[in-house]
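The values are calculated or read from the model by the stated rules, or taken from the named source; none is laboratory data. Keep in mind it's a predicted model, so treat the numbers as computed, not measured. With ideal geometry, Cβ positions are generated from the backbone for all residues, glycine too; neighbour counts draw on all protein chains shown. These area figures cover heavy atoms from the full protein model, side chains too; ligands, DNA and RNA do not enter into them. Shrake-Rupley method; radii C 1.70, N 1.55, O 1.52, S 1.80 Å.
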Amino acid sequence: DAPIMPPGTMLGHYQVITRLYSEPEAETYKAIQFTVQRPVALVLLKPHLLGDAEAVAKFKDRERVKASISHPRIAPLYEAGEANGWLYYTREMPPGRSLKDIATAGEQLGERVLVDVLYRVAEAMNYAIERGYGYRTLGTRDIYVDGENQASIVNVFRPPTPMPRDQAADVHALIEVLAPYAAQGKARSMLHDLSLQSHDWGKLSAAMHDIRDDMSERSLLNRAKDEDIAVAMP
(Lines give C-alpha, C1' and ligand atoms only; values in the text may rest on other atoms or scores of the structure.)
Protein backbone atom coordinates (compact mmCIF):
# COMPACT_ATOMS: atom_id res chain seq x y z
CA ASP A 1 0.00 0.00 0.00
CA ALA A 2 1.01 3.61 -0.50
CA PRO A 3 2.41 5.28 2.64
CA ILE A 4 -0.03 7.33 4.69
CA MET A 5 2.42 10.24 4.59
CA PRO A 6 4.24 10.79 1.27
CA PRO A 7 7.84 12.07 1.27
CA GLY A 8 7.99 15.78 2.07
CA THR A 9 4.96 15.77 4.38
CA MET A 10 5.35 18.05 7.41
CA LEU A 11 4.09 16.88 10.80
CA GLY A 12 4.80 19.46 13.48
CA HIS A 13 8.52 20.20 13.13
CA TYR A 14 9.25 16.92 11.35
CA GLN A 15 9.51 16.35 7.62
CA VAL A 16 8.93 12.83 6.28
CA ILE A 17 11.69 11.43 4.08
CA THR A 18 10.53 7.87 3.40
CA ARG A 19 8.48 5.09 4.93
CA LEU A 20 10.62 2.44 6.61
CA TYR A 21 7.88 -0.13 7.24
CA SER A 22 4.21 -0.61 8.01
CA GLU A 23 2.64 -2.64 10.83
CA PRO A 24 -1.03 -3.39 11.59
CA GLU A 25 -1.39 -0.43 13.99
CA ALA A 26 1.36 1.99 12.97
CA GLU A 27 3.70 3.14 10.22
CA THR A 28 7.33 4.06 10.80
CA TYR A 29 9.10 6.71 8.73
CA LYS A 30 12.56 8.14 8.45
CA ALA A 31 12.14 11.88 9.02
CA ILE A 32 14.13 15.02 9.76
CA GLN A 33 13.53 17.14 12.85
CA PHE A 34 13.68 20.50 11.14
CA THR A 35 14.57 22.58 14.19
CA VAL A 36 17.88 20.77 14.78
CA GLN A 37 18.32 18.96 11.44
CA ARG A 38 18.33 15.60 13.20
CA PRO A 39 17.32 12.31 11.52
CA VAL A 40 14.67 10.44 13.50
CA ALA A 41 12.32 7.50 13.19
CA LEU A 42 8.75 8.81 13.31
CA VAL A 43 6.09 6.30 14.38
CA LEU A 44 2.53 7.21 13.39
CA LEU A 45 -0.69 5.64 14.66
CA LYS A 46 -2.75 4.65 11.62
CA PRO A 47 -5.67 7.01 10.97
CA HIS A 48 -8.43 4.40 11.15
CA LEU A 49 -7.43 3.78 14.80
CA LEU A 50 -7.58 7.40 15.97
CA GLY A 51 -11.18 6.93 17.08
CA ASP A 52 -10.46 3.62 18.83
CA ALA A 53 -9.92 4.42 22.52
CA GLU A 54 -8.25 1.07 23.21
CA ALA A 55 -5.81 1.41 20.30
CA VAL A 56 -4.93 4.97 21.33
CA ALA A 57 -4.36 3.89 24.94
CA LYS A 58 -2.12 1.02 23.81
CA PHE A 59 -0.11 3.37 21.58
CA LYS A 60 0.41 5.79 24.48
CA ASP A 61 1.33 2.96 26.87
CA ARG A 62 4.10 1.95 24.47
CA GLU A 63 5.28 5.56 24.33
CA ARG A 64 5.63 5.62 28.10
CA VAL A 65 7.54 2.34 28.20
CA LYS A 66 9.96 3.42 25.47
CA ALA A 67 10.51 6.78 27.17
CA SER A 68 11.37 5.12 30.48
CA ILE A 69 14.22 2.97 29.10
CA SER A 70 17.74 4.36 29.24
CA HIS A 71 20.52 2.15 27.86
CA PRO A 72 23.38 3.06 25.49
CA ARG A 73 22.48 0.22 23.11
CA ILE A 74 18.75 0.93 22.92
CA ALA A 75 17.50 3.78 20.70
CA PRO A 76 15.83 6.32 23.01
CA LEU A 77 12.44 7.93 22.50
CA TYR A 78 12.77 11.66 21.72
CA GLU A 79 9.24 13.03 21.75
CA ALA A 80 5.61 11.95 21.81
CA GLY A 81 2.94 14.30 20.56
CA GLU A 82 -0.10 15.17 18.50
CA ALA A 83 -0.16 17.40 15.43
CA ASN A 84 -2.94 18.08 12.91
CA GLY A 85 -5.01 15.34 14.53
CA TRP A 86 -2.27 12.68 14.19
CA LEU A 87 -0.70 10.77 17.10
CA TYR A 88 3.01 10.05 16.82
CA TYR A 89 6.28 9.62 18.64
CA THR A 90 9.86 9.92 17.45
CA ARG A 91 12.93 7.93 18.42
CA GLU A 92 16.60 7.83 17.59
CA MET A 93 17.79 6.27 14.37
CA PRO A 94 20.53 3.94 15.69
CA PRO A 95 24.01 4.66 14.31
CA GLY A 96 25.29 2.67 11.36
CA ARG A 97 23.35 0.33 9.09
CA SER A 98 20.63 -2.18 9.85
CA LEU A 99 21.20 -5.87 9.16
CA LYS A 100 18.63 -5.49 6.40
CA ASP A 101 20.77 -2.78 4.75
CA ILE A 102 23.91 -4.90 5.17
CA ALA A 103 22.18 -7.81 3.44
CA THR A 104 21.03 -5.54 0.62
CA ALA A 105 24.68 -4.53 0.11
CA GLY A 106 25.61 -8.22 -0.21
CA GLU A 107 27.97 -8.11 2.77
CA GLN A 108 28.68 -10.69 5.46
CA LEU A 109 30.00 -10.42 9.01
CA GLY A 110 33.06 -12.09 10.48
CA GLU A 111 33.26 -13.94 13.78
CA ARG A 112 34.43 -10.97 15.84
CA VAL A 113 31.63 -8.72 14.58
CA LEU A 114 28.96 -11.38 15.11
CA VAL A 115 30.18 -12.01 18.65
CA ASP A 116 29.91 -8.30 19.40
CA VAL A 117 26.44 -8.10 17.83
CA LEU A 118 25.20 -11.01 19.93
CA TYR A 119 26.81 -9.67 23.10
CA ARG A 120 25.44 -6.14 22.81
CA VAL A 121 21.97 -7.20 21.69
CA ALA A 122 21.72 -9.75 24.51
CA GLU A 123 23.00 -7.22 27.04
CA ALA A 124 20.39 -4.66 25.96
CA MET A 125 17.55 -7.20 25.92
CA ASN A 126 18.48 -8.56 29.34
CA TYR A 127 18.69 -5.03 30.79
CA ALA A 128 15.10 -4.30 29.78
CA ILE A 129 13.71 -7.70 30.72
CA GLU A 130 15.23 -7.53 34.21
CA ARG A 131 13.25 -4.31 34.68
CA GLY A 132 9.97 -5.97 33.74
CA TYR A 133 9.49 -4.77 30.16
CA GLY A 134 7.87 -6.79 27.42
CA TYR A 135 9.16 -6.81 23.86
CA ARG A 136 8.40 -7.83 20.32
CA THR A 137 10.47 -10.18 18.18
CA LEU A 138 13.71 -8.75 16.85
CA GLY A 139 14.15 -8.61 13.07
CA THR A 140 16.83 -7.53 10.63
CA ARG A 141 15.41 -3.99 10.58
CA ASP A 142 15.92 -3.68 14.37
CA ILE A 143 19.65 -4.42 14.71
CA TYR A 144 22.22 -1.84 13.61
CA VAL A 145 26.00 -2.10 13.25
CA ASP A 146 28.08 1.10 13.23
CA GLY A 147 31.42 1.93 11.62
CA GLU A 148 33.30 0.48 14.60
CA ASN A 149 31.33 -2.78 14.30
CA GLN A 150 29.39 -2.15 17.50
CA ALA A 151 25.72 -3.06 17.60
CA SER A 152 22.62 -1.35 18.95
CA ILE A 153 18.90 -2.01 18.63
CA VAL A 154 15.66 -0.24 17.95
CA ASN A 155 13.47 0.29 21.01
CA VAL A 156 11.30 -2.83 20.66
CA PHE A 157 10.00 -2.70 24.24
CA ARG A 158 6.42 -2.43 25.39
CA PRO A 159 4.26 -3.16 28.45
CA PRO A 160 4.58 -6.74 29.74
CA THR A 161 1.98 -9.32 28.78
CA PRO A 162 0.39 -11.83 31.19
CA MET A 163 2.18 -14.70 29.42
CA PRO A 164 5.99 -14.26 29.57
CA ARG A 165 7.94 -14.79 26.38
CA ASP A 166 10.05 -17.90 25.78
CA GLN A 167 13.48 -16.29 25.93
CA ALA A 168 15.33 -19.41 24.79
CA ALA A 169 13.14 -19.55 21.67
CA ASP A 170 13.70 -15.83 21.04
CA VAL A 171 17.48 -16.24 21.36
CA HIS A 172 17.38 -19.18 18.97
CA ALA A 173 15.33 -17.07 16.52
CA LEU A 174 17.98 -14.32 16.70
CA ILE A 175 20.72 -16.85 15.90
CA GLU A 176 18.71 -18.01 12.87
CA VAL A 177 18.30 -14.38 11.77
CA LEU A 178 22.07 -13.89 11.98
CA ALA A 179 23.02 -17.16 10.24
CA PRO A 180 22.81 -15.81 6.65
CA TYR A 181 25.16 -12.96 7.62
CA ALA A 182 27.95 -15.25 8.85
CA ALA A 183 31.09 -15.36 6.74
CA GLN A 184 32.68 -18.74 6.06
CA GLY A 185 34.62 -20.62 8.74
CA LYS A 186 34.71 -19.53 12.38
CA ALA A 187 31.66 -17.26 12.18
CA ARG A 188 29.38 -20.03 10.93
CA SER A 189 30.86 -22.57 13.32
CA MET A 190 30.27 -20.25 16.28
CA LEU A 191 26.61 -19.70 15.36
CA HIS A 192 26.11 -23.43 14.77
CA ASP A 193 27.46 -24.23 18.24
CA LEU A 194 25.18 -21.60 19.79
CA SER A 195 22.16 -23.01 17.97
CA LEU A 196 22.69 -26.32 19.81
CA GLN A 197 22.56 -24.65 23.22
CA SER A 198 19.71 -23.18 25.26
CA HIS A 199 20.24 -19.61 26.47
CA ASP A 200 18.02 -16.89 27.80
CA TRP A 201 19.17 -13.32 27.15
CA GLY A 202 21.23 -13.13 30.34
CA LYS A 203 23.06 -16.40 29.66
CA LEU A 204 23.70 -15.39 26.05
CA SER A 205 25.21 -12.10 27.21
CA ALA A 206 27.49 -13.95 29.66
CA ALA A 207 28.53 -16.49 27.04
CA MET A 208 29.36 -13.79 24.50
CA HIS A 209 31.30 -11.85 27.16
CA ASP A 210 33.47 -14.93 27.75
CA ILE A 211 34.03 -15.45 24.01
CA ARG A 212 35.02 -11.80 23.59
CA ASP A 213 37.54 -12.14 26.42
CA ASP A 214 38.99 -15.31 24.83
CA MET A 215 39.30 -13.57 21.47
CA SER A 216 41.07 -10.59 23.08
CA GLU A 217 43.51 -12.94 24.85
CA ARG A 218 44.24 -14.76 21.59
CA SER A 219 44.88 -11.44 19.87
CA LEU A 220 47.31 -10.38 22.60
CA LEU A 221 49.14 -13.72 22.46
CA ASN A 222 49.42 -13.58 18.68
CA ARG A 223 50.73 -10.02 18.86
CA ALA A 224 53.31 -11.04 21.48
CA LYS A 225 54.46 -13.95 19.30
CA ASP A 226 54.82 -11.64 16.30
CA GLU A 227 56.89 -9.21 18.38
CA ASP A 228 59.12 -12.05 19.65
CA ILE A 229 59.72 -13.26 16.10
CA ALA A 230 60.55 -9.73 14.97
CA VAL A 231 63.07 -9.33 17.83
CA ALA A 232 64.67 -12.71 17.09
CA MET A 233 65.26 -11.92 13.41
CA PRO A 234 68.84 -10.82 12.63
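Over all directions, the projected convex hull of the C-alpha atoms in the range 5-158 averages 9.6 nm² in area.
As a length-normalised measure over Cα pairs under 8 Å and 6 or more apart, the relative contact order of the range 1-98 settles at 21 percent. Between the C-alpha center of the range 62-89 and that of the range 105-120 there is a gap of 28 Å. Only helices enter this figure: runs of n ≥ 4 DSSP H residues, each worth -39500 (n - 2.57), summed and divided by the residues of the chain, yield -13500 deg cm²/dmol at 222 nm to the nearest 500. Principal-axis analysis of the Cα atoms of the chain puts helix 201-232 at an angle of about 40° to the longest axis. Could you please state how large a percent of the accessible area of the chain is carbon and sulfur, counting protein chains only and using a 1.4 Å probe? Heavy-atom surface of the chain belonging to carbon and sulfur, 1.4 Å probe: 52 percent.
Listed by chain and number, the lysines placed with their C-alpha closer than 30 angstrom to that of LYS60 are LYS30, LYS46, LYS100; residues fewer than eight positions away on the same chain are left out. Within the listed set GLY202, GLY96, GLY51, the Gaussian network model of the chain (springs between alpha-carbon atoms below 10 Å) gives the highest mean-square fluctuation for GLY51.
Please work out the average accessible area per residue across the chain, using the 1.4 Å probe convention, and give it in Å². Normalised by residue count, the accessible surface of the chain is 53 Å². The simple spin-label model puts a point 7 Å past each Cα toward its Cβ; for ASP213 and THR161 those points are separated by 3.6 nm. Only Cα pairs under 8 Å and 6+ residues apart enter the sum, and on that basis the relative contact order of the chain stands at 16 percent. Mind pulling the angle between the C-alpha long axis of helix 186-195 and the longest principal axis of the chain? Nearest 10 degrees, somewhere in 0 to 90. In the chain, helix 186-195 runs at an angle near 60 degrees to the longest axis.
Amide hydrogen proximity for LEU20: with H placed 1.01 Å from N in the peptide plane, the residues at 5 or more positions away or on another chain lying under 5 Å are THR28, TYR29, LYS30. Treating the angle as unsigned and between 0 and 90°, give the value, to the nearest 10°, between the Cα long axis of helix 53-68 and the longest Cα principal axis of the chain. Helix 53-68 and the main axis of the chain meet at about 40 degrees.
Distance between the pseudo-spin-label points of ALA183 and ALA206 (7 Å out from Cα toward the beta carbon): 3.1 nm.
Would you mind calculating the relative contact order of the range 107-179 from Cα pairs under 8 angstrom and at least 6 residues apart, reporting the percent as a whole number? Intermediate results must be reported in sequence, preceding the final value.
Values: 57 pairs, mean separation 25.0, N = 73.
Rounded, it is 34 percent for the range 107-179.
Label-to-label distance for SER70 and ASP146 is 1.9 nm, based on points extended 7 Å past Cα in the beta-carbon direction.
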